[in-house]
Every structure is written in C-alpha cells, then in structure tokens.
Amino acid sequence: MTSFMVRQVIFSICVVTAFIGLVQASDPDILFDYIVPPNVTILDGNFFTYTKIRGFLDEPNLTETRSMLASMVGFPALNGQSVSLSFLQLGPGGVSPPHTRPHATGLFFVLEGCFEVGFVDSTNKLYTQTLGTGDMFIFPKGLVHYQYNADGKKPAVAVAAFGSASGSTVLIPGTLFDTHIDDVVLAKSFRTDVATIRKLKAGLGNKI
C-alpha cells in the first residue's frame, strides 16, 4: 500500500512538472490589456506604433537578401500579446539557411515571387513545398526550416507572422560552426575529418 502511494505521489509530481514546463514554453498570459515598461512616461498611440519596417518594400534591391523583424525587443508593446512579425526578401538564388524559432510557430505568406520552403519534424521527415504569390505555409514551433528563392532573376518577398512576442531565430550553421564547439567533436558528429570542418568554418566566415 505504501509503495502504491509513493508511486502515485511520484506520478503526480511528474505530471505537475510537465505541465509547468508546457506553460513556461509559451508566452505567459497577462492580466492587463497591455504591459507598459517602467521607462515609458508618456503613453499614447506612439507606444503602439512600429515604423522601422517602413520603406522595406518601396525600393527592393533585386540582388539583396534581407529581413526585418518586429518583435518584443524592438517593439515593447508586443510584450504579453503573443504576436510578432517579420519581412523577408531573398535575392535571386538567395537562401534563408536552416534555422529554428524556439518560441514561435510561423505563418509564412508570399507577397511576391516564388519560394521553395521546407521543415524537418521530430521524426526527421522533411516536408517541402513550392510557394507562389498569395500562398501560405506554416512552420511549426521549434522545428528546423528554411526558405530558398530558386529564381535566378527575380527577388522573392514574404511576410511571416509568429505566435509569440519573441520571434528570435537560432541559425543552425551559426550554432554549429560559430560557437567554438571543438573541431574534433564536430568531425566525429558529421563522420568526417577536422580539416573538412575547418574548411566549412572558413567558407562560412562572416556569412553566418
């Protein structure tokens, strides 16, 4: 009887711990309409306005790959609202390398051009799609994904909405090759040699 009660207590603790983990993995609910940072002394429409993306689509550079993100870091009014937004332009042949967004599901909407996109789920299955203007694609939270413009002449432009006030990105190439993980560890992980790993690091340089 005692051992049964102990198992029940352990099980209950595990359930509670798992639940707390799930709650902490998403944006917390707020008890107010919005959250005002301590340094904001005047609250008006300017606090709820973000203008740094203004002009992004006015004069697109046909060869440039660039992005603009409106998240809680630069737009404090998003704190507690569980939303953020980014614009992405890929020049001809441009790629947004494999990356994850640990805090946010992404809803990707193509404004112009053609994107080849894909993500890998937790069973290592790859899902890909070719998107045209007006198409949407969803990137589940935390999964590795990428975008690629296969057109050699025209740029591709999209907007992505995220289900979190933090749309922060973890770039896979940067995480692996620009964080001082030992070359031997990387070589063994990729079943290659240290010389190859060092060539990869040198090739990436500041492009990560």
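Would you please name the trypsin sites (Lys or Arg not before Pro) within segment 103-208 that are DSSP coil residues with at most 14 other C-beta atoms within 10 Å of their C-beta? Walk me through the numbers before you get to the answer.
Details: sites: 125, 141, 153, 188, 191, 198, 199, 201, 207; in loops: 125, 141, 153, 191.
Those that pass, being in a loop and sparsely packed, are 125, 153, 191.
What list of ³J(HN,Hα) couplings, whole Hz, do you get for segment 164-172 from phi and the Karplus terms 6.51, -1.76, 1.60, once you set θ to phi - 60° and write x for glycine and proline?
7, 6, 10, x, 4, 10, 10, 7, 5
Residue-wise, which Karplus ³J(HN,Hα) couplings in Hz belong to segment 41-46, taking 6.51 cos²θ - 1.76 cosθ + 1.60, θ = phi - 60°, and x for glycine or proline?
With coefficients 6.51, -1.76 and 1.60, one gets 9, 10, 9, 8, x, 5 Hz.
For segment 46-99, rounded, prolate or oblate, judged on the Cα gyration tensor with a ≥ b ≥ c (square roots of eigenvalues), a/c < 1.5 rounded, else prolate if a/b > b/c? Before the final figure, lay out the partial values.
Working: a/c = 4.33, a/b = 1.73, b/c = 2.51.
Cα axes put segment 46-99 in the oblate bin.
Each value in this text was obtained by applying a stated rule to the coordinates, not by laboratory testing. All values reported here derive from a predicted model rather than from experimental measurement. Reconstructed Cβ throughout: ideal geometry from the backbone, glycine too, with neighbour counts over all protein chains shown.
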